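Since the structure comes first, as structure tokens, the remarks are kept for the end.
The values are calculated or read from the model by the stated rules, or taken from the named source; none is laboratory data. Values in this document were obtained by computation on a predicted structure and should not be read as measured data. Neighbour counts run over all protein chains shown; Cβ positions are idealised from the backbone, glycine included. Keep in mind that these areas ignore ligands, DNA and RNA; they rest on the heavy atoms of the full protein, side chains included. Shrake-Rupley method; radii C 1.70, N 1.55, O 1.52, S 1.80 Å.
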Amino acid sequence: MYEASLEEWVDDLKNERLYEHQIYEITFMDGKGEELGKQDARLRETIKYNSLCPTKKNDADNVYTFNGWDHSLRGIYEPFTTNPTFTPIPFGETFELNDDGSSYSVSIDEKDKELLQNLVIPENINGKPVTSIGFECFRGCENLETVIIPDSVVSLEEWCFYGCTSLAKITIPASVTSISESAFSWGCSAIQEFVVDEDNPSYCSEDGILYSKSNELIAVPGGKEFTNNKFIVPSTVTKIANHAVDACKKITSIELPTSLKAIGFYAFNNCTNLGTINIPSGLSSLSSYAFIGCSNLAIDFVLPKNIHEVPQGLFYGSKNLKNVTLNNSTTKIGADAFYGCTSITSISLPVNTTEIGPRAFFGAGLTSIEIPGSIEIIPNLAFASTKLTSVKINEGVKVIDQSAFSGLDTYLSEVSFPTSLTNINNYAFSKSYVKNYYIHTTSTETVLGDFSTFQKSEGMKIHVFKGMADEFKNAKNWSKYEDYIVDDVEYSATQDDIVTLIDGVDYTNSIDKSVKKVIYSRTYKDNKWQPLYLPFDMEYEDWKENFEIAIINNIHQYDDDDNGTVDRTLIEVLKVKDGKTLKAHTPCVIKALNPSTTAQEIEVSDVVLKKAETNTLDCSSVNTTFVFTGFYSTMEGPELVANNYYAMSNGGY
């Protein structure tokens, strides 16, 4: 308890106030015993040195890095003079002779990186100039505050200041003509300005921001303050370089100029507070991971018309990205493009899109998706962990790859597979509780993965065409789902509006089915007779303008010189006449009236494609049975070769 009269107490307070307002002078010396400067400090104040970095001349063995003062700058209570302290680092751990043998690069040994606080790079070592700051030179030097770059340095290599979180300012001399676009990337969050010598021929700085003199934005200081937190890119800029706006957490809005043509890799990497940015419509190049980690970016993205691919990882982790509109010429969506974009609920994939990359929409907020038939493969994890309640897979899709639709957050009532589907791979729908799968194919050869293709659950059903339950239950890898297979699907033309039969492709229909249109495509290079075998009825009236067709009635073979080998084959045929219908699976020959080196297409509407079957031709004069398979012809026994001349008997059908 303070015991004193009121007068004594007031006098003590006055003395204390006088004492607190005492100013002390602190003198700072350099490593050569010369005064660097003075700073004033009040009683009990803690100060920070704010002038030139002390230096110590390198000796024959070491370079010296300043690491503090020999007197504390905390709680000052008297005037004093303080001298710098330095840590020696051997030349061999700091500099590396370049391949040319005539110059050095700065290359800090890993064990010395924690020691570095302030460094003056010498112009030469052993009479040879220091010309570059090497690859990952200062990577992870979290205590590094200042670096003095000499006029001998011409290049700053890749990742050279990676993760230098305490570095506040970089001065670039006139000699530097090459700066890697990743030199100041990944965590140089304390840099407040770049200063470039005005005589530098390649680079310049404006308002502390680094630009090339070829109109590229090279680097924005991670610690720089902007008015209203908005960065307006100058109208002269045509390219945002790789990593240019890296981890600039103080920026909430960016305005890009209409002159901009290109945005580089990781250009806006980890700008976690960036909320708005405009994408110029004239942009012609957009690189991978440009907006990765921009978790607060809340824009409606429209892919510029001159860009035809969504780059890999473009909006990786942009959880507030709202709407995405792709142009009609979009051909590809890269891997991880919209990974974790939880605010996107829908997207329209253009019919020209032919490729989706792995994890393209992993963890996105999608509730519905339609896959166009132009995309043959739905890749691994493409739509995993989304919120899909509606999926439409169009005819043309062939493969659903591993885990493509795994881990869906919500129940998906049904998925219909097109007839074109050939593979559903491991874990495709693992941990996705789909109630109904509709298999619109007559082939049990659709390959299932060995492991957990479908997530088994109560009430799940796999629906196949009527009459095919047993075939699926007995087929490889389908048998493990035999308790879920039901054959209740009626075939309708809407499931196969158009079927194209291509010369040389196997025909494997296992049931008869109706289709709206069949297109038969084949090349007829000359007007010689060729084998024909089709799985549908055809009216000769539809073919006669371009083709002659004849039914094979018999085949004769002759050994003219009695040497035991066939010398001649005679095909006995009946030419098809007007008004006749040629039945499916009838062995025929066909001759084009207008031969061409390009494929000719024959279209037949509203037909029934018959179940694939083999037909035989019993020959009266040879001991051979000809077997026709496929939809034109393949024969066992003496080969009926297309384009050979054949003798033909008279007759008609």
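Just a few scattered comments:
Listed here are the residues, each with its yes/no results for (1) under 25 Å from residue 162 (Cβ atoms); (2) without any contact (Cβ under 8 Å) to a residue 24 or more places away in the chain; (3) open to solvent by less than 40 Å² (accessible area, probe 1.4 Å).
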{"site": "75", "(1), (2), (3)": "no, no, yes"}
{"site": "104", "(1), (2), (3)": "yes, no, yes"}
{"site": "109", "(1), (2), (3)": "yes, yes, no"}
{"site": "117", "(1), (2), (3)": "yes, no, no"}
{"site": "120", "(1), (2), (3)": "yes, no, no"}
{"site": "131", "(1), (2), (3)": "yes, no, yes"}
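So that you can scan it fast, the table gives a plain yes or no per residue for (1) closer than 28 Å to residue 498 by Cα; (2) crowded, with 21+ Cβ neighbours inside 10 Å:
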{"residue": "307", "(1), (2)": "no, no"}
{"residue": "310", "(1), (2)": "no, yes"}
{"residue": "315", "(1), (2)": "no, yes"}
{"residue": "329", "(1), (2)": "yes, no"}
{"residue": "339", "(1), (2)": "no, yes"}
{"residue": "344", "(1), (2)": "no, yes"}
{"residue": "369", "(1), (2)": "yes, yes"}
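- Test: residue 375 is in a strand (DSSP E or B) and either within 30 Å of residue 273 (Cβ to Cβ) or in contact with a strand residue (DSSP E or B) (Cβ under 9 Å, 6 or more places away or on another chain) (or both): no
- Summed over the range 447-478, the residues that are within 23 Å of residue 398 (Cβ to Cβ) and assigned to a helix (DSSP H, G or I) give a count of 2.
- Of the criteria (1) surrounded by fewer than 17 Cβ atoms within 10 Å (Cβ to Cβ); (2) part of a loop (DSSP other than H, G, I, E, B); (3) touching a Phe, Trp or Tyr at 6+ places or on another chain (Cβ under 9 Å), which one residue 166 fails: (3)
- Yes/no for residue 189 being open to solvent by less than 10 Å² (accessible area, probe 1.4 Å), part of a loop (DSSP other than H, G, I, E, B) and touching a residue at least 60 places away in the same chain (Cβ under 8 Å): no
- Test for residue 210: is it part of a loop (DSSP other than H, G, I, E, B) and on the phi < 0 side of the Ramachandran plot: no
- Selected residue (only one of 298, 262 is more than 20 Å from the chain's Cα centre (by Cα) and not hydroxyl-bearing (Ser, Thr, Tyr)): 298
- Applying the criterion of being basic (Lys, Arg) and out of contact with any strand residue (DSSP E or B) (no Cβ under 7 Å at 6 or more places or on another chain) to the residues of the range 225-264, the residue that is surrounded by the most Cβ atoms within 10 Å (Cβ to Cβ) is 250.
- Residues satisfying the stated conditions in the range 470-484, i.e. open to solvent by 10 Å² or more (accessible area, probe 1.4 Å) and of a type outside the set (Ser, Thr, Tyr): 470, 471, 473, 474, 475, 476, 477, 480, 482, 483
- Filtered residues of the range 548-579 (kept if more than 16 Å from residue 590 (Cβ to Cβ) and outside any loop (DSSP other than H, G, I, E, B)): 554, 555, 556, 557, 558, 568, 569, 570, 572
- In the range 408-435, the residues that are within 18 Å of residue 374 (Cα to Cα) and either assigned to a loop (DSSP other than H, G, I, E, B) or open to solvent by 40 Å² or more (accessible area, probe 1.4 Å) (or both): 418, 419, 420, 421, 422, 423
- Taken as a whole, the condition of being of a type in the set (Lys, Arg), under 52 Å from the mean Cα position of the chain (by Cα), at pLDDT 80 or above and closer than 17 Å to residue 502 by Cα applies to residue 610.
- Candidates are the residues of the range 10-51 that are modelled with pLDDT under 80 and basic (Lys, Arg); the one that is least open to solvent (accessible area, probe 1.4 Å) is 14.
- For the range 70-90, filtered to residues that are modelled with pLDDT of 85 or more and not in a loop (DSSP other than H, G, I, E, B), the residue that is farthest from residue 28 (Cα to Cα) is 85.
- Evaluation of residue 405 against (1) part of a loop (DSSP other than H, G, I, E, B); (2) hydrophobic (A, V, I, L, M, F, W, C); (3) more than 23 Å from the chain's Cα centre (by Cα) (one fails), failing number: (3)
- The lone exception for residue 52 - which of (1) under 15 Å from residue 130 (Cα atoms); (2) assigned to a loop (DSSP other than H, G, I, E, B); (3) among the aliphatic types (A, V, I, L, M) it fails: (1)
- Test for residue 298: is it open to solvent by less than 20 Å² (accessible area, probe 1.4 Å) and either free of Cβ contacts under 8 Å to residues at least 60 places away in the same chain or over 20 Å from residue 382 (Cβ atoms) (or both): no
- Number of positions in the range 436-468 that are open to solvent by 30 Å² or more (accessible area, probe 1.4 Å) and of a type outside the set (Ser, Thr, Tyr): 13
- Condition met for residue 125 (buried (at least 16 other Cβ atoms within 10 Å of the Cβ), in contact (Cβ under 8 Å) with a residue 12 or more places away in the chain, over 30 Å from residue 38 (Cα atoms) and within 36 Å of the chain's Cα centre (by Cα)): no
- The range 213-224 - residue that is at negative phi and surrounded by fewer than 16 Cβ atoms within 10 Å (Cβ to Cβ) and, of those, nearest to the chain's Cα centre (by Cα): 214
- Taken together, the residues in the range 523-547 that are surrounded by 18 or more Cβ atoms within 10 Å (Cβ to Cβ) and in a strand (DSSP E or B) amount to 5.
- Look at (1) under 18 Å from residue 267 (Cβ atoms); (2) among the hydroxyl-bearing types (Ser, Thr, Tyr); (3) in contact (Cβ under 8 Å) with a residue 24 or more places away in the chain and you find that residue 152 fails only one, number (1).
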